[in-house]
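Below is one structure, written out as structure tokens, with a few remarks after it.
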Amino acid sequence: MITKRLNAAAQEDLEAAVALLRAGGIVAIPTETVYGLAADATNSRAVAAVFAAKQRPADHPLIVHIADLDRMSDWAVAIPAEAHMLASAFWPGPLTLLLHKAPGVTPLVTGGLETIGLRVPRQPLLLRLLRSSGLALAAPSANPYKQLSPTSAAQVLAKLDGRIDAVLDGGECDIGLESTIVDLTGEEIRVLRSGPITAAQISAVLNKPVMTPEEHRVAVPGNIAQHYQPATPLHLVSRNEMLAKMKSATGSEAFVVLADFPVASIQDQSAVVIMPETKSAFARLLYKTLHELDHRNLRNIWFELPPQSEDWLDVNDRLRRASS
Ligand code: TXA
Ligand code: MG
């Protein structure tokens, strides 16, 4: 299969992507979080092709991307008031709502579960595609199972070239980390995957407590310990450990340090990356940095432990799994 390169900013390429999707093709799409691998969510064959291209187990459900909150009722039933409150506050944006699925939804999308994940993405070119086509797109992150999520078209192609019909290039992802997933199907409201929208923000909109269980049994593959992994072993270390590792390094190690790292102590190392200070800039560069270091055939990536405050929870969650 030859993977077409399409430019999301060109109207004819956007239309070509829509034509491929309508014909049952699978197309990598830009979102504000990470690139997704999309199929028409009403087409079981196309959805099955997404699982095959990613080598993802069939019981791991996909998020359905819709054009606006009025489309929620096409996919979900018994929608609670909280869903409308959160959708009004955060859509389009990096929040996935878990709801009870509508009867007609193919069980392939939901991995056999009775719930469905929905989100309206805010990437403007993708939003234009969704609104003009009327399509709903089932899309997991556009990476092989367990590997790092892509934040550019080039990273998608590095792993999936020849396995998908096209990649729609919309530039680099603005956020760089996957959406927050909030479960609205149980008695208590739970964040199942931390992300750019924090539990505190959700709780403030709903004016009620929101749980963030450390461990849960819901089939969220991002919930398995090993996920989001580069091929090079990644180790999370304190500053003191980092300083010691740098001293004893032999030249084939990568060091990723925080913005306030003492520059004077950086020796003549081949791969030192200094991460930005703010959480949003840090998150935007995280996967990109790991993808780039992964290409350099280094023995280890030593990563300095980021701040542990609540707004850094998603970064810490992904790094913990990447280093598991
Ligand atoms: O930001 C994102 O969420 C990106 C972009 C492409 O939208 N998508 C993404 O998809 O990260 P994926 O498949 O890599 O991760 C989605 C997570 C998975 O852990 C999946 O199990 C969970 O959402 N999920 C989806 N539907 C679910 C459901 N009905 N019940 C429980 N978990 C669900
Ligand atoms: Mg993923």
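The values are calculated or read from the model by the stated rules, or taken from the named source; none is laboratory data. The structure displayed is predicted, hence computed values, not measured ones. Using ideal geometry, Cβ is built from the backbone for each residue, glycine included, and neighbour counts are taken over all protein chains shown. Side chains are part of the model used for accessible areas, which takes the heavy atoms of the whole protein and leaves out ligands, DNA and RNA. Shrake-Rupley method; radii C 1.70, N 1.55, O 1.52, S 1.80 Å.
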Notebook entry, point to check: What pairs in 159/208; 54/208; 146/245; 146/279; 4/288 have C-alpha atoms more than 31 Å from each other?
Noted result: 159/208; 54/208
Item checked: Size of electric dipole in the range 1-146: Cβ of Lys, Arg +1 and of Asp, Glu -1, about Cα centre, debye, nearest 20 -> 380 debye
Next item on the list: May I ask what percent, to the nearest 5, of DSSP beta bridges between residues of the chain are antiparallel?
Entry: 40 percent
Note to self: Probe radius 1.4 Å, ligands and nucleic acids left out: which of 277, 188 has the largest accessible area, and how do the rest follow?
What the structure shows: 277, 188
Note to self: Looking at the chain as a GNM with Cα springs under 10 Å, which of 262, 140, 306 has the largest mean-square fluctuation?
What the structure shows: 262
Check: If you place +1 on the Cβ of every Lys and Arg and -1 on the Cβ of every Asp and Glu, how big does the dipole about the Cα centre of the chain come out, in debye to the nearest 20?
Finding: 620 debye
Note to self: Before I look further, what does the range 28-79 give for accessible area per residue, probe 1.4 Å, in whole square angstrom?
What the structure shows: 35 Å²
Check: Can you give the calculated 222 nm mean residue ellipticity of the chain, where each DSSP H run of n ≥ 4 adds -39,500 (n - 2.57) and the sum is split over every residue, rounded to the nearest 500 deg cm²/dmol?
Finding: -9000 deg cm²/dmol
Next item on the list: Calculate what fraction, in whole %, of the accessible area of the range 248-296 sits on carbon and sulfur atoms when a 1.4 Å probe is rolled over the protein chains.
Entry: 52 percent
Margin query: Tell me the carbon and sulfur percent of the accessible area for the range 1-61, rounded to whole percent, probe radius 1.4 Å.
Written below: 53 percent
Next item on the list: Would you mind working out the magnitude of the charge dipole of the range 242-320 relative to its Cα centre, with +1 at each Lys and Arg C-beta and -1 at each Asp and Glu C-beta, to the nearest 20 Debye?
Entry: 260 debye
Margin query: Per residue of the range 94-99, what does 6.51 cos²θ - 1.76 cosθ + 1.60 with θ = phi - 60° give for ³J(HN,Hα)? Whole Hz please, x for Gly and Pro, Karplus curve as stated.
Written below: x, 10, 9, 9, 8, 10
Next item on the list: With springs only between Cα atoms under 10 Å apart, run a GNM on the chain and tell me which of 301, 66, 274 wobbles the most.
Entry: 274
Item checked: Cα gyration tensor shape for the range 101-247, rounded if a/c is under 1.5, else prolate or oblate -> oblate
Note to self: Against the 2.2 N^0.38 Å scaling, with N counting residues, where does the chain land? I'd like the Cα-based Rg ratio to two decimal places.
What the structure shows: 1.00
Notebook entry, point to check: Want the number for residue 88 to residue 278: 0.36 nm per residue separation, take away the alpha-carbon distance, what's left?
Noted result: 65.7 nm
Note to self: Whole angstrom only: what separates the Cα centroid of the range 172-196 from the Cα centroid of the range 99-151?
What the structure shows: 14 Å
